[in-house]
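The values are calculated or read from the model by the stated rules, or taken from the named source; none is laboratory data. It should be emphasised that the depicted structure is a prediction, and the values quoted were computed from it without experimental measurement. Reconstructed Cβ throughout: ideal geometry from the backbone, glycine too, with neighbour counts over all protein chains shown. Just so you know, the surface numbers come from the protein's heavy atoms only, side chains and all, with ligands and any DNA or RNA stripped out. Shrake-Rupley method; radii C 1.70, N 1.55, O 1.52, S 1.80 Å.
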Amino acid sequence: MKKALKVVVTAGPTREFIDPVRFLSNPSTGKMGFALARAAAAAGHAVALVAGPVALKTPKGVRRIDVVSARDMLAAVEREVAAGADVLIATAAVADWRPKRRAAQKLKKGEMDGTLALVRNPDILKTVTGVRKIGFAAETRNVLREAVRKCREKDLELIVANDVTEKGCGFGTDTNRATLVRRDGTVTRLPLLTKLALARRILREI
Ligand code: CTP
């Protein structure tokens, strides 16, 4: 029997509020992260799923921590890693920027001048250390080159890259055609798989 690991998975989008009724976000549905959490729990690992706002059911045997913003997600991941995680798998589509100010009251159109000042959000995967790290790279061009760069810059063991413009890939789909890029530079191109099958394939790498 293989050793059970403590696995932390990030999933879904983050929301960065402008005022109480508006936010910046992206179309992530969380399917890849939830598939990974499900497959990891089914394989006997202890799974903490740090999820942005998504409409999915928590997989069986998974501990779920709901978050909203990138900064909330970072704090939750840091808590899990401090408590002793073995592996962090980052599938979340984290907003890279947030509004500089969050207005306490709904902004009236007359109060806006057509500009929105933004500040950078933390890079969760890059910031967190002391754990084995697996990342995802959803690209629209230069897929392999970007994956290799992110693998190095974020100190990852493995990065799962895909071209989100390809049929059957990307936000909201149930399938994905991914390329695995490992720290040692080896590359494996996978066929079109369901996200659950891809999740199982990724777990084999750990
Ligand atoms: N990621 C993260 N925190 C962020 C941004 C990204 O943890 N603030 C993670 C994602 O979950 C993914 C990986 O980093 O596993 C790559 O995310 P991606 O959005 O493709 O990359 P970026 O670092 O944002 O790079 P770029 O904007 O140059 O594409």
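Rolling a 1.4 Å sphere over the protein heavy atoms, what is the accessible area per residue of the stretch 137-206, to the nearest Å²?
So the stretch 137-206 comes to 55 Å² accessible per residue, rounded to a whole number.
Determine the share of the chain's accessible area contributed by carbon and sulfur atoms, expressed in whole percent, with a 1.4 angstrom probe.
In the chain, the share of accessible area belonging to carbon and sulfur is 51 percent.
I need the shape label for the stretch 1-113. Rule: rounded when a/c is under 1.5, else prolate if a/b > b/c, else oblate, with a, b, c from the alpha carbon gyration tensor.
Here the stretch 1-113 falls in the prolate category.
Can you tell me what share of the DSSP beta bridges in the stretch 80-206 is antiparallel? A percent to the nearest 5 is fine.
Here the share of antiparallel DSSP bridges comes out near 55 percent.
Can you tell me the FRET efficiency between Thr140 and Asp174 if r is taken as the Cβ-Cβ distance and R0 is 25 Å, rounded to the nearest 0.05?
Given R0 = 25 Å and the Cβ-Cβ separation, E is 0.80.
Report the residues of the stretch 80-106 in range of a label on Asp155: point 7 Å along Cα→C-beta, backbone N strictly under 18 Å from it.
Once the point is set 7 Å along Cα→Cβ of Asp155, 80-90 turn out to lie under 18 Å by backbone N, inside the stretch 80-106.
Determine which lysines satisfy two conditions relative to Lys133: a Cα distance under 30 Å, and not lying fewer than 8 residues away in the same chain.
Result set, ordered by chain and number: Lys2, Lys3, Lys6, Lys31, Lys57, Lys60, Lys100, Lys150, Lys154, Lys167, Lys195.
Using helices alone, what [θ] at 222 nm do you get for the chain, with -39,500 (n - 2.57) per DSSP H run of 4 or more residues, divided over all residues and rounded to the nearest 500?
-7000 deg cm²/dmol
If you average the C-alpha positions of the stretch 81-107 and of the stretch 18-51 separately, how far apart do those two centres end up, in angstrom?
12 Å
Can you list the trypsin sites (Lys or Arg not before Pro) in the stretch 121-177 that are in a DSSP coil and have 14 or fewer other beta carbons within 10 angstrom?
Here the trypsin sites (Lys or Arg not before Pro) that fit, given the DSSP loop and packing criteria, are Arg141, Lys167.
Take the Cβ-Cβ distance between Lys57 and Arg204 as r, set R0 to 25 Å, and report the resulting FRET efficiency rounded to the nearest 0.05.
0.50
Report the local net charge at Leu180: Lys and Arg +1, Asp and Glu -1, summed over other residues whose C-beta lies under 12 Å from its C-beta.
After counting each charged neighbour, the total is +3.
Mind telling me which of Glu153, Glu80, Glu139 comes out most flexible in a GNM of the chain, alpha-carbon contacts under 10 Å?
Glu153
Ranking request for peptides 105-118, 19-32, 54-67, 88-101: highest mean number of other beta-carbon atoms within 10 Å first, then the rest in descending order.
88-101, 19-32, 54-67, 105-118
Once you have a ≥ b ≥ c as the square roots of the Cα gyration tensor eigenvalues for the stretch 110-154, tell me rounded if a/c is under 1.5, and otherwise prolate or oblate according to whether a/b is larger than b/c.
Oblate, since a/c reaches 1.5 and b/c is not below a/b.
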